[in-house]
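Written below as structure tokens is the structure these notes are about.
The values are calculated or read from the model by the stated rules, or taken from the named source; none is laboratory data. It should be emphasised that the depicted structure is a prediction, and the values quoted were computed from it without experimental measurement. Ideal geometry is used to build each Cβ from the backbone, glycine not excepted, and the neighbour counts take in all protein chains shown.
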Amino acid sequence: MSHAATLAAFAGAGPLAQAEAMSPHRQIELLMGGLLTRVARLRHALRQAQPQARRDDADRALAILAYLRAILDPRGDAELVARLDTLYRYCESRILVACSQRDESALLEVTSLITDIKQAWDGIAPNQAVAA
């Protein structure tokens with residue numbers, strides 16, 4: 001799915017609608033930052049026993065991961081695309097485990113994994129960012 005088609009699918013989704021004018025590299029920077037924010041908020045909601053906040057933040061984190069998977073470019077490096085897809089799916093599963101078992105360590109793992117990917121992504125110049 002192209003970036004434009006994926007953005008069109010999320011057209012009514014608040015800040016994602018504004019992402020259309022941004023470069024794909026910048027979109028991914030913001031999405032990863034937003035994902036880390038949502039996971040941090042989810043950790044807080046788990047500790048404070050806030051079920052509605054937990055659901056909302058989990059839903060948004062899962063939506064960001066789904067979006068990141070949807071914009072992976074299958075024409076890019078096939079191995080990299082497969083690894084990122086697997087990583088994003090794994091993070092989704094860990095978020096679900098965290099919510100169902102109130103397991104904060106699963107969220108710490110997601111934070112660590114996504115932080116590593118975000119730092120690598122932030123180090124790539126926008127014109128080199130081809131795979132996602």
*Mind checking whether some residue in region 71-91 is of a type in the set (A, V, I, L, M, F, W, C), modelled with pLDDT under 95 and in contact with a helix residue (DSSP H, G or I) (Cβ under 9 Å, 6 or more places away or on another chain)?*
yes
*Only one residue in LEU65, LEU72 is outside any helix (DSSP H, G or I) and either under 11 Å from the mean Cα position of the chain (by Cα) or surrounded by 14 or more Cβ atoms within 10 Å (Cβ to Cβ) (or both). Which one?*
LEU72
*asked:* Name the residue that is nearest to THR37 (Cα to Cα), counting only residues in region 75-102 that are part of a loop (DSSP other than H, G, I, E, B) and in contact (Cβ under 8 Å) with a residue 40 or more places away in the chain.
replied: ARG102
*If you check every pair at least six apart or on different chains, which have Cβ atoms under 8 Å apart with a residue in region 51-63 that is of a type outside the set (Gly, Ala, Ser) first and a residue that is exposed (fewer than 15 other Cβ atoms within 10 Å of the Cβ) second?*
LEU62/LEU96
